[in-house]
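What follows is one structure encoded as structure tokens, with my remarks underneath.
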Amino acid sequence: MINSKQPPNHFSQPRLTSTCSTIPAATPPTVSPSITPSLHPPTSSTSGTGLLSMMAARAMGLSDSNGISTSKGMVTACESYLPMVKLMRKVLRANAMEGKIRLINKRSDELEVGLDIPSRADILVSEILDSELLGEGLIPTLQHAHDKLLVENPQTVPYRATTYGQLVECTYLREMHDLVHGEAEASDGIHLLPSVMPNLLAVKKQQFAMHCNAIKDEIKLLSEPFKVFDFDFWRRPDSFREADLHIKAKGDGTVHAIISWWLLQLDSEGTTFYSTGPNWIPYTSDVKELKTSFVSSGDWCDHWKQCVWFIPSSGLPVSKDKEVWLHAAHTETSISYDFKTSCNEKEDADLDLHTPDGQLFLSPERIALYGNSCWRDLMLNAIKNAIHQKVDPLCLVADDSIFLAVAVAHLSKTSQVMPLFPGLGNKGMQYLQKASIANSYSMDRIEFLRRKELLSSLQGSPHRKIDLFIAEPFYYGNDNVLPWQNLRFWKERTLLDPILSKDALIMPCRGLLKACAMYLPDLWKSRCCLKEIEGFDNSVANTTLGACGGLLVTEDTPFLPYFIWQCGETKILSKMATVLEFDFSRPMNPCSGKTKVQFRESGMCHGFVLWIDYVMDTENNTILSTGPDKRHWKQGVKLLNEPVEVGHGDLSSTEIEASFDPLNGELILRHAFLRNQR
């Protein structure tokens, strides 16, 4: 954590585990028969690499500079995951701390006084926080600790956490949940949301973690920051609380979302704070006296972000200086909001509280994509071109695309549509049933079969073959995968080759693996190797935790899936080049390619960003790009071991070589910076 007077240098290190460091009390505790430094939720109790434990032991003065014990206190750490227990022991051994910390391979709610620890602990040092604050089980973990493991009125680090919110207007945030508005603007005849069931597709009513600084220039602030809840670590928290807030609008507009964050008070005196607030929040109204010392998160970090709560439908209109009523509530693991039309009534906007049968919850990015008129036009044109080439086509939708299934059934009145729906399954069919009337198709033209059933059904029929094989590609629930991990439809195309007609159209027909060199200082910094943190050697944890930057030259860095637009400061340094091509018209096969990429900007290169541009049809060469300038898809990032200065001097280009292995779905990338020929 950051000390408000002198931020420690360890905060620049990556968060590669579920535990981040905190600053213990400035002086050793006067009464300290035992410390429980890390009590985590019953589902994932973890003390991480042991950093908190070592800091607690040092703060207690368990040993002098010669390693000799100077205190009768005890540090107890709990960790339920055995591989992490083994890693922590290595870290403790590397720092000569094995004899000063007792590590127990249990969850925190399994610890027993008299068995695991000799008496109740006086001090709790913990980090059980996610971007929403409560999602890692802070409340049930603290409840159990106070009931079973801690003395009355214990000392705790952190001391208190406070959640804050702010009303905002933002077109992009509206697009991430308001598909009704998107479809109205598209006016293409496809109705993913029937007018009688406007919530058939929706995002879940929850807070979504997001780097809101990335859309700072698109946000209009409609209120000042307001406090929502306080959570005191030093006393037993309640499982459920409610709060009615009166918030004055600072301007006219439409509230599309609530952006929220939290503020940690590390010590009871109130001198050490840390905030996950966006960078437009220099300090909060409650700590104005700390103008010179209180800081928001400032630096980009990927383990804690802001959170976004979407306002139902098209938002809530507000007028300057008028108050709106907001009802906030928290459970043991989440915080929710509802606007109220009066002091006592919650707003039930557009029947938002009603859940229709067949309702599907999609990610905000997927909702934004399905409402994007440019994407819809591109996909519909490609489908129309394919349908016009076939008479009474049998169309297989090879992924979880409800858009493609609805579009084909709507556009071709004689087509038979067979969605595989590998992730959606029967939920997808229930959805198609609900959307059928609005899109003028009959469900007797829709047939849902698993791959094995499909093969056995069509292999024995010489006159019934698949004419159209299509995908976006999109796989339900696979939101955190690398671009080439969405090539599952190519594998399906390969396995189903015996039942494809000889002139079957495959859409997309090709894929172009693209790459560019990029300046990514924030992302590289967040993933670089752990070294010395607060005086402790954590380097033994790098391999296990997946560090990238600063590895030995002989070690290869992994690919990472990221929304590049949310990766802090970025800049494209080179041209965007095609490295290799995937030919989906043929069965899956190994692919390889090589290209030379010229740098167009000078700067520090931290790695390469890769994505796939999909060629939807050969006739019109319609290309769907998923590159770093697009917000709806994650790209693959390959960070360098060490940043390289490029674009001026004698480094003017790089050679990139890639190979794809269809057996394991892995991509291998090699590069070589090229010097100018003189």
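Considering all alpha-carbon pairs of the stretch 564-678, what whole percent are spaced by more than 16 angstrom?
Working: 4344 of 6555 pairs.
Summing the P(r) of the stretch 564-678 above 16 Å gives 66 percent of all pairs.
What is the calculated FRET efficiency for Leu495 to Asp392, with r their C-beta to C-beta distance and R₀ = 30 Å, to the nearest 0.05? Intermediate results must be reported in sequence, preceding the final value.
Details: r = 25 Å, r/R0 = 0.82.
Once rounded, the FRET efficiency stands at 0.75.
Distance cut-off 19 Å, Cα to Cα: go down the list Lys248/Lys320; Lys86/Lys525; Lys594/Lys638; Lys204/Lys322; Lys205/Lys340 and report the pairs above it. Provide the component values of the computation, followed by the final result.
Values: Lys248/Lys320 8 Å; Lys86/Lys525 26 Å; Lys594/Lys638 16 Å; Lys204/Lys322 29 Å; Lys205/Lys340 16 Å.
From Lys248/Lys320; Lys86/Lys525; Lys594/Lys638; Lys204/Lys322; Lys205/Lys340, over 19 Å: Lys86/Lys525; Lys204/Lys322.
Would you please give the FRET efficiency between Lys227 and Thr271, computed as 1/(1 + (r/R0)^6) with r the Cβ-Cβ distance and R0 = 22 Å, to the nearest 0.05?
0.65
Along the stretch 412-420, what does the Karplus equation 6.51 cos²θ - 1.76 cosθ + 1.60 (θ = phi - 60°) give for ³J(HN,Hα), rounded to whole Hz, x for Gly and Pro?
Rounded to whole hertz, the list is 10, 6, 10, 7, 10, 10, 10, x, 6.
Can you tell me what share of the DSSP beta bridges in the chain is antiparallel? A percent to the nearest 5 is fine.
Numbers: 99 of 126 bridges.
DSSP beta bridges in the chain are roughly 80 percent antiparallel.
In sequence order, what are the phi-derived ³J(HN,Hα) couplings for the stretch 598-604 according to the Karplus relation 6.51 cos²θ - 1.76 cosθ + 1.60 with θ = phi - 60°, rounded to whole Hz, with x for glycine and proline?
8, 7, 10, 10, 8, x, 8
Quote the Stokes-Einstein diffusion coefficient, in whole µm² s⁻¹, for the chain, based on the Kirkwood radius over alpha carbon pairs, a temperature of 25 °C and a viscosity of 0.890 mPa s.
Stokes-Einstein gives a translational diffusion coefficient of 88 µm²/s.
Taking one equal scatterer on every alpha-carbon of the stretch 372-507, how large is log10 of I(q)/I(0) by Debye at q = 0.14, 0.21, 0.22 1/Å?
Relative scattering, expressed as log10 I(q)/I(0), comes to -0.60, -1.44, -1.57.
What's the FRET efficiency of Ala96 with Lys205 using the Cβ-Cβ distance as r and R₀ = 56 Å, to the nearest 0.05?
0.65
Could you run the Debye sum over the Cα atoms of the stretch 513-589, one equal point scatterer each and no solvent, and tell me log10 of I(q)/I(0) at q = 0.15, 0.16, 0.27 Å⁻¹, two decimals?
-0.73, -0.80, -1.27
Evaluate the relative contact order of the chain (contact order divided by residue number), counting alpha-carbon pairs under 8 angstrom at least 6 apart; express in whole percent. Kindly include the intermediate steps, with their values, before the conclusion.
Details: 1560 pairs, mean separation 80.9, N = 678.
Relative contact order, the chain: 12 percent.
Kindly write out, for the stretch 580-594 in residue order, the coupling ³J(HN,Hα) from the Karplus curve 6.51 cos²θ - 1.76 cosθ + 1.60 (θ = phi - 60°), rounded to whole Hz, with x marking Gly and Pro.
Here the 3J(HN,Hα) series is 8, 10, 9, 9, 6, 6, 10, x, 4, 8, x, 10, 8, x, 8 Hz.
Multiply the residue separation of Arg600 and Ser440 by 0.36 nm, subtract the distance between their alpha-carbon atoms, and state the gained length in nm to one decimal. Spell out each step's value before the answer.
Numbers: separation 160, 0.36 × 160 = 57.60 nm, distance 5.06 nm.
Between Arg600 and Ser440, full extension yields an extra 52.5 nm.
How high is the relative contact order of the stretch 510-675? Use alpha-carbon pairs under 8 Å, at least six apart in sequence, and give a whole percent. It would help to have the intermediate numbers written out before the result.
Details: 379 pairs, mean separation 48.4, N = 166.
Relative contact order for the stretch 510-675 comes out at 29 percent.
Tell me the label-point distance for the pair Glu642, Asn620, using the 7 Å Cα-to-Cβ offset, in nm and rounded to one decimal.
According to this spin-label approximation, the distance is 5.1 nm.
First select every other residue whose beta carbon is under 13 angstrom from the beta carbon of Leu432; then total the charges, Lys and Arg +1, Asp and Glu -1.
Neighbourhood net charge equals -1.
How about Lys90: which lysines have a C-alpha closer than 20 Å to its C-alpha, ignoring those fewer than 8 places off in the same chain?
Partners within reach: Lys100, Lys106, Lys531.
Using only the alpha-carbon atoms, what does the stretch 107-259 span along each of its principal axes? Please give whole angstrom values in decreasing order.
The Cα atoms of the stretch 107-259 stretch 70, 34, 29 Å along their principal axes.
Over what distance in Å are the Cα centres of the stretch 242-257 and the stretch 377-391 separated?
If you average the Cα positions of each part, the centres end up 46 Å apart.
Does a label point 7 Å from the Cα of Ser187, set along Cα-to-beta-carbon, have any residues of the stretch 398-439 with amide nitrogen under 13 Å, and which are they?
From the stretch 398-439, the list is empty.
Just from its helices, what would the mean residue ellipticity at 222 nm be for the chain, if runs of 4 or more DSSP H residues each count -39500 (n - 2.57) and the sum is divided by every residue, rounded to the nearest 500 deg cm²/dmol?
Dividing the helical sum by the residues of the chain leaves -4500 deg cm²/dmol.
Along the Cα→Cβ direction, 7 angstrom out, place labels at Glu657 and Glu323. What is the inter-label distance in nm?
Here the modelled spin labels are 7.0 nm apart.
Suppose a student asked you for the relative contact order of the stretch 534-604, using Cα pairs under 8 Å spaced at least 6 residues apart; what percent would you report?
Details: 38 pairs, mean separation 17.9, N = 71.
After rounding, I find 25 percent.
Provide the gained length on full extension for the span Leu552 to His303, in nm with one decimal, where the gain is 0.36 nm per separating residue minus the Cα-Cα distance.
87.2 nm
The numbers here are math on the coordinates, done by the rules we state, and not lab data. In this text the structure is predicted, and so the values were computed from the model without any measurement. Virtual Cβ from ideal backbone geometry, glycine too; neighbours counted across all protein chains shown.
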